[in-house]
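Comments concern the structure below.
The values are calculated or read from the model by the stated rules, or taken from the named source; none is laboratory data. As the structure is a prediction and not an experimental result, all values here were calculated from the model. Neighbour counts run over all protein chains shown; Cβ positions are idealised from the backbone, glycine included.
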Amino acid sequence: MKQFKCRASCGGKLNTNDRSGKAMGETAKSYLKEWVISELTGKEKDIKTKYFARGKSMELDAIVRASKYYGCELEKNEIQLENEYFTGTYDAKNFERVIDTKVPFDAFTFPFFVTEPDKDYYAQLQIYMNLTGLKKASLCYCLENGSDEQMQRLSWDIARDLGKDEPDIEEWDIAEQQLSYDHLADNLRIKVFEFEYDEAFIELLKQRVLASRKYIENELIPMLNL
């Protein structure tokens, strides 16, 4: 079994503590158990949800929106980075900052009034900075129109509510209108949180990675009867 390294998207989980605030918490331990199972079986835990599917389907649109916000052409990154402690695949970057995009499911899950970013995303962006060597990062929430899958699902729902066997152009038009945000100004369709590199935070995460390796070796591996 290879040596444990923390995936950027799971940095927030690994950083959780127990009630004392000092030792590793149950959320972190659960993540490590899942990691061992994945390494043992060669399988990934299925996390496909309608929220995840929407985010993936509209990812390129979000990167285009972030490009417009920063006034530069951003390209989708497909390369996974790795160092001694962490792994991760950031969305995009320019010469000074790494950029991660999030596509909320709809207007009511878009963070219009949120003033502090999710702590899990903070950890994720800190790891991306550590992997790239960049000292700035941005978390960009982008309010994108409905995906083709969403429009198809909604048009069928509308048709069924009207007693029809299948949707026609009228139901498609209604669905498209319901799932479009093109009437909003650009500044209302992107919410950006910017971070500076936090070396102290990364050092704490590195220590947690080292503690995780001991937990895996001393606690989890013996339970497998290998």
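Scanning the range 167-209 for residues that are in a loop (DSSP other than H, G, I, E, B), farther than 14 Å from residue 154 by Cβ and in contact (Cβ under 8 Å) with a residue 12 or more places away in the chain yields 181, 182, 184, 189, 197, 198.
When the criteria are applied in full, residue 150 meets the requirement of being touching a residue at least 60 places away in the same chain (Cβ under 8 Å), part of a helix (DSSP H, G or I) and within 15 Å of residue 107 (Cα to Cα). Picking from residues in the range 85-137 that are outside any helix (DSSP H, G or I) and among the acidic types (Asp, Glu), the one that is farthest from residue 11 (Cα to Cα) is 106. Checked against the criteria, residue 124 does not count as more than 18 Å from the chain's Cα centre (by Cα) and either surrounded by 18 or more Cβ atoms within 10 Å (Cβ to Cβ) or under 30 Å from residue 169 (Cβ atoms) (or both). Go through the range 171-216 and count every residue that is surrounded by fewer than 17 Cβ atoms within 10 Å (Cβ to Cβ) and touching a Pro at 6+ places or on another chain (Cβ under 8 Å). Residues flagged as surrounded by fewer than 17 Cβ atoms within 10 Å (Cβ to Cβ) and touching a Pro at 6+ places or on another chain (Cβ under 8 Å) within the range 171-216 amount to 0.
Scanning the range 41-92 for residues that are at pLDDT 95 or above, among the basic types (Lys, Arg) and under 17 Å from residue 190 (Cα atoms) yields a total of 2. Pairs meeting the criteria (first residue in the range 67-79 and farther than 13 Å from residue 96 by Cα, second residue in a helix (DSSP H, G or I) and of a type in the set (S, T, N, Q), beta carbons under 6 Å, at least 6 apart or on different chains) are 73/67.
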